[in-house]
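K.L.:
Right, I'll just put the structure down here and ask away after.
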Amino acid sequence: MSADESFTAYVALGDSMSIDLYPALDAGEIDVAVALERVASAGAVAPIGAASLLYRNDDQRYPEEQGADLVSWYPGIEHQNLAEDGATIGDVFGAQLPQLTESDERTLITITIGGNDLLSAFANQPRRSLLEAIARDVAEAYDFLLDALRRTRPNALVLLTTIYDPSDRLARIPGVLEEAGKLPLPVLDGLNAHIRTLARGTPGVALADVYEHFLGHGASVGEADRWYWHRSLIEPNAQGAHEIRRVWRSALDAG
């Protein structure tokens with residue numbers, strides 16, 4: 001690999017698909033205080049979320065992945081995980097992007113965002129036309145976010161991550177907004193289609209299609225085959241975090 005292809009920094013932006021909290025809760029590798037409060041800052045949390053594993057593999061948990069991580073491929077690469085539990089696109093703009101300094105360094109950026117925006121809108125049970133308008137606003141904000149990132153880190157490779165469907169096309173997620181009725185899957189499909197179009201048509205951007213990879217590992221199968229945390233099926237469990245990093249790694253290899 002030539003020097004200009006080597007990354008010196010890795011930044012994770014977005015929501016709980018990128019953080020350690022739920023995978024660590026699932027694996028029981030977490031301080032009691034964190035388990036009780038579900039606040040990562042309350043104590044030690046094992047670095048087994050998707051972004052952490054992409055950066056540095058847990059060789060004890062995943063010995064077959066030893067050496068297949070960013071610290072092995074790009075010695076000295078720095079890692080900054082700015083993703084937050086429950087984050088929306090507005091949170092990325094307001095809280096995460098301001099922490100990302102402008103730089104010309106070669107940076108890998110992963111983005112997992114949009115799912116909470118759609119769930120929040122759906123929770124209010126708006127008319128279908130209003131929900132579709134909200135989804136269009138989210139898609140437009142996604143465009144602005146990508147533009148802002150490319151200005152801040154012009155030499156970055158940005159991996160855009162599609163939003164998974166824990167219902168597995170059943171339009172219902174057990175224990176999540178069941179009173180609101182069937183999930184408007186066409187709205188989710190529309191935002192994912194927008195993400196795919198952006199990824200395929202923008203220089204310095206690649207697609208990580210987590211949606212496709214996760215189908216068949218949610219509400220349609222038994223708990224043993226799920227990649228979602230059993231206490232909240234919108235969050236990745238330990239296996240789910242491993243699978244997200246695998247999709248990112250494949251996108252990086254393809255890029």
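The values are calculated or read from the model by the stated rules, or taken from the named source; none is laboratory data. Only a predicted model underlies this, so the values are computations on that prediction, with no experimental measurement involved. Every residue, glycine as well, gets a Cβ built from its backbone with ideal geometry; the counts of neighbours run over all protein chains shown.
K.L.:
Would you mind finding the one in Arg231, Arg196, Arg200, Arg226 that is within 23 Å of Asp143 (Cβ to Cβ), over 15 Å from the mean Cα position of the chain (by Cα) and not small (Gly, Ala, Ser)? Spell out the reasoning first.
P.N.:
Values: Arg231 fails: within 23 Å of Asp143 (Cβ to Cβ); Arg196 fails: over 15 Å from the mean Cα position of the chain (by Cα); Arg226 fails: within 23 Å of Asp143 (Cβ to Cβ).
The unique qualifying residue is Arg200.
K.L.:
Touching an Asp or Glu at 6+ places or on another chain (Cβ under 9 Å) and farther than 23 Å from Arg226 by Cα, is that true of Arg172? Show your work before the answer.
P.N.:
Details: touching an Asp or Glu at 6+ places or on another chain (Cβ under 9 Å): yes; farther than 23 Å from Arg226 by Cα: no.
Here the answer is no, as Arg172 does not meet what is asked.
K.L.:
Any residue in segment 179-191 that's closer than 14 Å to Arg127 by Cβ: show its pairings with residues that are not hydrophobic (A, V, I, L, M, F, W, C) at Cβ separation under 8 Å, as long as the two are six or more apart or on different chains.
P.N.:
From segment 179-191, the pairs are Ala180/Gln125; Gly181/Gln125; Pro184/Arg128; Val187/Glu132.
K.L.:
Same structure again: Kindly establish whether Ser52 is hydroxyl-bearing (Ser, Thr, Tyr), within 23 Å of Gly114 (Cα to Cα), part of a helix (DSSP H, G or I) and at pLDDT 95 or above.
P.N.:
Numbers: hydroxyl-bearing (Ser, Thr, Tyr): yes; within 23 Å of Gly114 (Cα to Cα): yes; part of a helix (DSSP H, G or I): yes; at pLDDT 95 or above: yes.
So Ser52 passes the test.
K.L.:
Give me the pairs, please: first residue somewhere in segment 204-223 and within 13 Å of Arg246 (Cβ to Cβ) and touching a residue at least 12 places away in the same chain (Cβ under 8 Å), second residue anywhere and of a type in the set (Asp, Glu) and assigned to a helix (DSSP H, G or I), beta-carbon distance under 9 Å, and either six or more positions apart or on two chains.
P.N.:
Val210/Glu243; His213/Glu243; Phe214/Glu243; His217/Asp225; His217/Glu243
K.L.:
Could you list all residues from segment 213-255 that are of a type in the set (D, E, K, R) and exposed (fewer than 14 other Cβ atoms within 10 Å of the Cβ)? Full working, then the answer.
P.N.:
Step one: of segment 213-255, the residues of a type in the set (D, E, K, R) are 223, 225-226, 231, 235, 243, 245-246, 249, 253.
Glu223, Asp225, Arg231, Asp253, listed by residue number.
K.L.:
What pairs come out if I take residues in segment 64-90 that are in contact (Cβ under 8 Å) with a residue 40 or more places away in the chain and pair them with residues that are among the basic types (Lys, Arg) whose C-beta lies under 8 Å away, six or more apart or interchain?
P.N.:
Sorted first by the residue in segment 64-90, then by its partner, the pairs are Ala68/Arg249; Leu70/Arg56; His79/Arg56; Asp85/Arg38.
K.L.:
Keeping to segment 86-96, report how many residues are of a type outside the set (S, T, N, Q), surrounded by 15 or more Cβ atoms within 10 Å (Cβ to Cβ) and closer than 17 Å to Ala51 by Cα.
P.N.:
Residues in segment 86-96 being of a type outside the set (S, T, N, Q), surrounded by 15 or more Cβ atoms within 10 Å (Cβ to Cβ) and closer than 17 Å to Ala51 by Cα: 2 in total.
K.L.:
Shifting gears a bit: Could you tell me how many of the residues in segment 95-135 are part of a loop (DSSP other than H, G, I, E, B) and either at pLDDT 95 or above or polar (S, T, N, Q) (or both)? Working first, answer last.
P.N.:
Initially, segment 95-135 is screened for residues part of a loop (DSSP other than H, G, I, E, B), giving 100-106, 113-114, 124-127.
This time we only want the ones that are either at pLDDT 95 or above or polar (S, T, N, Q) (or both), so: 100-106, 113-114, 124-125.
Matching residues across segment 95-135 total 11.
K.L.:
State all residues of segment 64-94 that are in a helix (DSSP H, G or I) and touching a Phe, Trp or Tyr at 6+ places or on another chain (Cβ under 9 Å); if no residue qualifies, say none. Walk me through it before giving the result.
P.N.:
At the first step, the residues of segment 64-94 found to be in a helix (DSSP H, G or I) are 64-65, 70-73, 89-94.
If the condition is that a residue be in a helix (DSSP H, G or I) and touching a Phe, Trp or Tyr at 6+ places or on another chain (Cβ under 9 Å), then Leu70, Val71, Trp73, Ile89, Phe93 are the ones that fit.
K.L.:
Check Lys182 against each of (1) part of a helix (DSSP H, G or I); (2) at pLDDT below 95 and name the one condition it does not meet.
P.N.:
All conditions pass for Lys182, except number (1).
K.L.:
Please pick out the residue among Leu215, Leu188, Leu145 that is farther than 30 Å from Arg56 by Cβ and under 16 Å from the mean Cα position of the chain (by Cα). Quick ask: steps written out before the conclusion?
P.N.:
Working: Leu215 fails: farther than 30 Å from Arg56 by Cβ; Leu145 fails: farther than 30 Å from Arg56 by Cβ.
Answer to the check: Leu188.
K.L.:
Let me ask something else. Go through segment 185-207 and give me each residue that's in a helix (DSSP H, G or I), β-branched (Val, Ile, Thr) and under 23 Å from Leu108 (Cα atoms).
P.N.:
Step one: of segment 185-207, the residues in a helix (DSSP H, G or I) are 185-201.
Filter once more, so that each one left must be β-branched (Val, Ile, Thr): 187, 195, 197.
Listed by number, the residues that qualify are Ile195, Thr197.
K.L.:
Quick one: count up the residues across segment 136-179 that are buried (at least 18 other Cβ atoms within 10 Å of the Cβ) and in a helix (DSSP H, G or I).
P.N.:
The qualifying residues number 7.
K.L.:
Of the residues in segment 219-255, how many are β-branched (Val, Ile, Thr) and part of a helix (DSSP H, G or I)?
P.N.:
Residues that pass the stated criteria total 2.
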